[in-house]
Amino acid sequence: MTGAVATRAEFCRMHLTDCPLCQPVSETPLWQDTHCRVILAHETGYPVLCRVIWQAHVREMTDLNASQQAHLMRVVFATERALRTLLQPDKVNLASLGNLVPHLHWHVIPRFRDDRNFPDPIWSVPRRNTTPDAVKTLSTDALCRELGLELTRQPGT
Ligand SMILES: [Zn+2]
């Protein structure tokens, strides 16, 4: 690589081997197909935060074609519906950042008025302490089952 700015191909080559989403160390899979997977992300303080990860190492939504974009969002929306059914959160945050990990993924985050950051983003400075028993949790089995039902109800691309 020459110069300060990497081409897209150089950028992808640089990051494939050390990308934590291409080389996951610890994640709990909930559902997957050849294009994307849904996992529990084990985010501190947010044990039911789900992450929908495009399997290939692409950086932006617009790196996908229209059919791929629709497929990914179908899975993101199914994840949101499953979390709403099981937890009745006060709000669901959908976030696609990828500033630190430039591998396309969506965070699906059920939010509650008493969570430690509400109404701020979960990555902000906490507004309050929460006791462990106040943090909403779910069994992996329940989430897998509900997510599977949602994807069956909404057959897609
Ligand atoms: Zn990656």
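Among the residues of the stretch 57-64, is any within 16 Å of the ligand (Cβ to nearest atom), within 30 Å of ARG116 (Cβ to Cβ) and at pLDDT 90 or above? Yes: one or more hits.
Filtered by the rule that a residue be over 19 Å from ALA41 (Cα atoms) and either among the charged types (D, E, K, R) or assigned to a helix (DSSP H, G or I) (or both), the stretch 104-132 gives ARG113, ASP114, ASP120, ARG127, ARG128. LEU100 - would you say it is of a type in the set (A, V, I, L, M, F, W, C) and part of a helix (DSSP H, G or I)? No: the conditions fail for LEU100.
If you check ARG74 against the conditions, is it under 16 Å from GLN154 (Cα atoms), surrounded by fewer than 19 Cβ atoms within 10 Å (Cβ to Cβ), of a type in the set (Lys, Arg) and without any contact (Cβ under 8 Å) to a residue 40 or more places away in the chain? Judged against the criteria, ARG74 is not a match. Applying the set (1) of a type outside the set (D, E, K, R); (2) buried (at least 19 other Cβ atoms within 10 Å of the Cβ); (3) over 22 Å from ARG153 (Cα atoms); (4) within 16 Å of the ligand (Cβ to nearest atom) to TYR46 leaves exactly one unmet item: (4).
What is the residue count in the stretch 22-36 for residues that are of a type outside the set (Val, Ile, Thr), loosely packed, with under 15 Cβ neighbours inside 10 Å and away from the ligand (no atom under 14 Å from the Cβ)? Total meeting the criteria: 4. Screening the stretch 92-102 for residues that are touching a Phe, Trp or Tyr at 6+ places or on another chain (Cβ under 8 Å) and modelled with pLDDT of 95 or more and picking the one that is nearest to the ligand (Cβ to nearest atom) gives SER96. The residue of the stretch 133-151 that is farthest from PRO47 (Cα to Cα), among those that are among the polar types (S, T, N, Q) and in a loop (DSSP other than H, G, I, E, B), is SER139.
The values are calculated or read from the model by the stated rules, or taken from the named source; none is laboratory data. In this text the structure is predicted, and so the values were computed from the model without any measurement. Methodologically, a virtual Cβ is constructed for each residue, glycine included, from the backbone with ideal geometry; neighbour enumeration extends over all protein chains shown.
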